[in-house]
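Here's the structure, in structure tokens; my notes come after.
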Amino acid sequence: MDTEYRQEIIEKVTTLLKEIPSSMDVVKKGGNRHQRFKTLATHMVDKAIEKDALIVSENGKGIAILFKTNRKDGNFWKEIWTQLGLVIKVTGISNALEILKTQNYIKEQRPKEGDYLYCWFWGILADSRGADTQVGKEMKDEFYRRAREYKLPLYAETRMRKNALVYQRFGFELFHEWNHPSGDTMYFLRYIPDTMKE
């Protein structure tokens, strides 16, 4: 991926992160908050590129990060330096422990055994939104194509009720709701492809 295109994706993810409750909680307030969102976006995009998990719609207005993963994935010692960098530059130390507790609960809702697909991020820029827009349909089709091809379930969660409804309209099943520490409800969703039932 060329540098200019990577930067363009990072800018778009930065914009989208500012609308997502979870990232607004994670990014500490004060100072140059925009730069903190951009640092987080850079980390996410680079990780997605490294793991071949980045999905960008044809018009570039929809971006998703869809990892193929499992419970054992993500070596703590290998990633600790990156994570420490994020704590210092993005979240702040006081936020970090609360984030860790929340992340542990979220991970507990995913499969204990075997591989699965995990939608870490999915955002569509404001001018291309709506359940019936071409961008949303195109991205949903790509999610399902990968789930069918790999014969793996696909997991996602959101604290935005309207997003949970969009996921369900797209064929995801709502399998768990949680009273998030923020006071919001977190919705846990999954899609089981037909190819797993063959």
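The values are calculated or read from the model by the stated rules, or taken from the named source; none is laboratory data. Predicted model, so just to flag it, every value in this text is computed and none were measured. Cβ placement follows ideal geometry from the backbone for every residue including glycine, while neighbour counts extend to all protein chains displayed. Just so you know, the surface numbers come from the protein's heavy atoms only, side chains and all, with ligands and any DNA or RNA stripped out. Shrake-Rupley method; radii C 1.70, N 1.55, O 1.52, S 1.80 Å.
Things worth noting here:
- Meets criteria (touching a Ser or Thr at 6+ places or on another chain (Cβ under 9 Å), under 18 Å from residue 159 (Cα atoms) and among the hydroxyl-bearing types (Ser, Thr, Tyr)) for residue 22: yes
- Within segment 25-55, being open to solvent by 40 Å² or more (accessible area, probe 1.4 Å) and either touching a Gly at 6+ places or on another chain (Cβ under 8 Å) or under 22 Å from residue 128 (Cα atoms) (or both) holds for 28, 38.
- Subset of segment 184-198 (residues that are open to solvent by 10 Å² or more (accessible area, probe 1.4 Å), within 16 Å of residue 143 (Cα to Cα) and in contact with a helix residue (DSSP H, G or I) (Cβ under 9 Å, 6 or more places away or on another chain)): 191, 192, 194, 195, 196
- Top-ranked residue of segment 1-23 - restricted to ones that are under 11 Å from the mean Cα position of the chain (by Cα) and polar (S, T, N, Q), ranked as most open to solvent (accessible area, probe 1.4 Å): 22
- Residue match in segment 114-122 (condition: over 13 Å from the mean Cα position of the chain (by Cα) and open to solvent by 20 Å² or more (accessible area, probe 1.4 Å)): yes
- Close pairs (8 angstrom Cβ cut-off, 6 or more residues apart or separate chains): basic (Lys, Arg) in segment 36-48, open to solvent by 30 Å² or more (accessible area, probe 1.4 Å) anywhere: 36/28; 36/89; 38/11
- Within segment 1-22, the set of residues being in contact with a Phe, Trp or Tyr (Cβ under 7 Å, 6 or more places away or on another chain) and under 15 Å from residue 182 (Cβ atoms) is empty.
- Residues satisfying the criterion are absent from segment 98-109 (criterion: assigned to a helix (DSSP H, G or I), open to solvent by less than 70 Å² (accessible area, probe 1.4 Å) and without any contact (Cβ under 8 Å) to a residue 12 or more places away in the chain).
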